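Each remark here refers to the structure printed beneath this line.
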Amino acid sequence: MAQGYLAQVQALIDQRMKENPEEMKRKLKEIERAKKAPKTLKEPTAPPKPLFDPQLTQELIEELNKWAGLNIQVVKDLIKRGADIKAKNGDGVTILHHASWLGDIEITKECLESGISVNIQDVSGESPLHWAVDGNKIDTAKILIEQGANVNAKRNDNRTVLFYAKSEKMEALLRKHGATI
């Protein structure tokens, strides 16, 4: 098999030599020069260090999977120690979703400062504003709206944020910013 391949390569070289001998000679000289050039050894480089600790990020995802049992202090500690604040669980839920529902303004702001989109959606299509409104966390909802949250965001079942308002105060806040059902 190798002999057949080499014969084909040689035939191609011979054909090119006949078609354009000057170009082939130039290429062969380049190959010879490259062979004679001193070989420089590249310093082996270590793979880049991950920005976030994968083990801590996995622990953070496991904490996200606890849903109502989530411990925000554990989350804060994991983030402080190097977990990726942008991590999502299998349902697309982020820390920002949970912080919004719990009304944790500190973590909400930290998530937004880290670059998590204020309108990020989980697999149900719920944004952090859906979660804040469902949890009746007015101060958190205000922050999300100030940061550009879509007050008319719809879930996959077309329910808007306003659908989840549990108080007149929340409904008034949303309507003030243009929310509709």
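The values are calculated or read from the model by the stated rules, or taken from the named source; none is laboratory data. Everything quoted here is computed from the prediction, not taken from an experiment. Positions of Cβ are backbone-derived with ideal geometry, glycine not excepted, and every protein chain shown enters the neighbour counts.
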Would a scan of segment 132-151 turn up a residue that is acidic (Asp, Glu) and more than 27 Å from Ile181 (Cα to Cα)?
-> no
Candidate set: segment 144-178, residues that are within 16 Å of Val118 (Cα to Cα) and among the hydrophobic types (A, V, I, L, M, F, W, C); chosen: the one farthest from the chain's Cα centre (by Cα) | Leu174
For residues in segment 110-149 being modelled with pLDDT of 95 or more and hydroxyl-bearing (Ser, Thr, Tyr), which is nearest to Phe163 (Cα to Cα)?
-> Ser127
Selection status of Asn152, modelled with pLDDT of 95 or more, surrounded by fewer than 16 Cβ atoms within 10 Å (Cβ to Cβ), part of a loop (DSSP other than H, G, I, E, B) and touching a strand residue (DSSP E or B) at 6+ places or on another chain (Cβ under 9 Å) = yes
Meets criteria (among the charged types (D, E, K, R) and either under 24 Å from Ile181 (Cβ atoms) or under 17 Å from the mean Cα position of the chain (by Cα) (or both)) for Asp104 = no
Does segment 137-144 include one or more residues that are surrounded by fewer than 21 Cβ atoms within 10 Å (Cβ to Cβ) and part of a loop (DSSP other than H, G, I, E, B)?
-> no
Enumeration of residues in segment 124-136 that are among the polar types (S, T, N, Q) and either part of a helix (DSSP H, G or I) or out of contact with any Gly (no Cβ under 9 Å at 6 or more places or on another chain) (or both) = Ser127
Tell me, which residue of segment 64-100 that is of a type in the set (D, E, K, R) and assigned to a helix (DSSP H, G or I) is farthest from the chain's Cα centre (by Cα)?
-> Asp77
Candidate set: segment 155-181, residues that are part of a helix (DSSP H, G or I) and basic (Lys, Arg); chosen: the one nearest to Gly103 (Cα to Cα) = Lys169
Looking at (1) in the same structural domain as Arg81 (by TED's automatic domain parsing); (2) modelled with pLDDT under 75, can you tell me which one Glu59 breaks?
-> (2)
